[in-house]
Amino acid sequence: MRAIRGATTVERDCAEDIRAAVAELLGKIAEENALSEEDIVCILFSGTADLVSYYPARAARDAGYTFCALYSSLEPQIEGALPRCIRVLVLAEGSGRSHHVYLRGAAGLRMDLKKIAVALDGPSGSGKSTVAKRLAAELDILYLDTGAMYRACALAALGEGCPFEEDAVQELMSRIDLRIVYRGGAQHTFLGDRDVSEEIRRPEVSMAASKISAFPCVREKMVAMQRKIASEQSCVLDGRDIGTAVLPDAEYKFFVTADAATRAARRGKELAEKGYAVDLKKLREEIEERDRNDSTRAHSPLRRAEDAVLVDTSDMTVDEVVAAIRKKIGEKLG
Ligand code: DC
């Protein structure tokens, strides 16, 4: 026996809208779970208390579901509940994984079921990785730090004394064994058997990453890996070119930025916490140089996608940025 859940919302409390919504929801559930008439044992509906004009069970009968038991009930009136929502539980014969279906306004109820991509691009030190990590945790989806991948390429090059020239970099990329592994929800970056997640944060790796990421052979390889990861699950990706090149069709795109002084101060704090000596003036110069490298390179430069929402975090706390981005995501989902 399979138990399949679903939900949808209607614009208006009227028979016409409820009929259409129920037919759409049941149609999708049958399609995604490859259900035939014989499989369906019963369909149980509940509706929020603001839906009083038509029984969802009757709408199901109208839609041709006359071969199984149908039942509707009224939900308690919970404060803050999604309005005009119809929920369903379909019991069906057979085994295998159930594909639950959440449509329209109800899609936001189960973000874990809907495959989405959130692209967060922006310059170094804009706070995007902190925000991306928090956002992914709150949405309960994967966080992919794409900068870590370019940093690992740079570390491999530095470790081998590989010159930053096309042929040498290409040769390195043809044999690099770079893997992204998740442990306890946290991203770990491996070069061969070596977990380099900490090493790639070293200041000299930052500048080398900016340089190596300009090589098309590096970008092509990294972008293919990033697309594969994003195709397998919902995730928040942070980088420079996610919204423009890696996932131009991402549903949610943000360009997170801050002025150079704020960014240098943030990076400085981060490095000081890790025990590195910090020269703020030098850090700011380096950040500006990386900005120049990243935004003037020929291949996929750092650029705000036209449909990305601009978030200037200079005078915002992390909590405020996360809340602003979540609000935008919620508005689009609604
Ligand atoms: O975000 P970060 O500082 O860890 O990134 C390191 C470098 O990698 C950055 O200077 C530019 C490059 N990068 C890129 O070109 N494209 C990405 N999607 C992510 C990072």
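The values are calculated or read from the model by the stated rules, or taken from the named source; none is laboratory data. In this text the structure is predicted, and so the values were computed from the model without any measurement. Methodologically, a virtual Cβ is constructed for each residue, glycine included, from the backbone with ideal geometry; neighbour enumeration extends over all protein chains shown.
Before moving on, here are some points about what is shown:
- Listed by position, the helices (runs of 4 or more DSSP H) inside the stretch 232-334 whose residues that are closer than 24 Å to residue 141 by Cα and in contact with a Ser or Thr (Cβ under 8 Å, 6 or more places away or on another chain) number at least 1 are 318-333.
- So residue 125, is it away from the ligand (no atom under 16 Å from the Cβ) and either assigned to a strand (DSSP E or B) or small (Gly, Ala, Ser) (or both): no
- Only one of 139, 109, 103 that is closer than 30 Å to residue 221 by Cα, touching a strand residue (DSSP E or B) at 6+ places or on another chain (Cβ under 8 Å), more than 16 Å from the ligand (Cβ to nearest atom) and not charged (D, E, K, R): 139
- Once the stretch 101-115 is narrowed to residues that are of a type outside the set (D, E, K, R) and surrounded by fewer than 20 Cβ atoms within 10 Å (Cβ to Cβ), the residue that is farthest from residue 321 (Cα to Cα) is 103.
- Within the stretch 236-273, considering residues that are more than 14 Å from the ligand (Cβ to nearest atom), charged (D, E, K, R) and over 24 Å from the mean Cα position of the chain (by Cα), the one nearest to residue 126 (Cα to Cα): 259
- Every residue from the stretch 90-100 that is at pLDDT 90 or above and either within 16 Å of the ligand (Cβ to nearest atom) or crowded, with 16+ Cβ neighbours inside 10 Å (or both): 90, 91, 92, 100
- The sole residue among 130, 189 that is part of a strand (DSSP E or B), of a type in the set (S, T, N, Q) and either buried (at least 19 other Cβ atoms within 10 Å of the Cβ) or at pLDDT below 95 (or both) is 189.
- Condition check for residue 209: more than 12 Å from the ligand (Cβ to nearest atom), in contact (Cβ under 8 Å) with a residue 60 or more places away in the chain, assigned to a helix (DSSP H, G or I) and closer than 16 Å to residue 290 by Cβ: no
- For the stretch 29-41, a residue qualifies if it is out of contact with any Gly (no Cβ under 7 Å at 6 or more places or on another chain) and surrounded by 13 or more Cβ atoms within 10 Å (Cβ to Cβ), and the qualifying residues are 30, 32, 33, 35, 40, 41.
- Taking the stretch 42-82 as the range and being hydroxyl-bearing (Ser, Thr, Tyr), in a loop (DSSP other than H, G, I, E, B) and either crowded, with 17+ Cβ neighbours inside 10 Å or in contact (Cβ under 8 Å) with a residue 60 or more places away in the chain (or both) as the test, the residues that pass are 48, 54, 55, 65.
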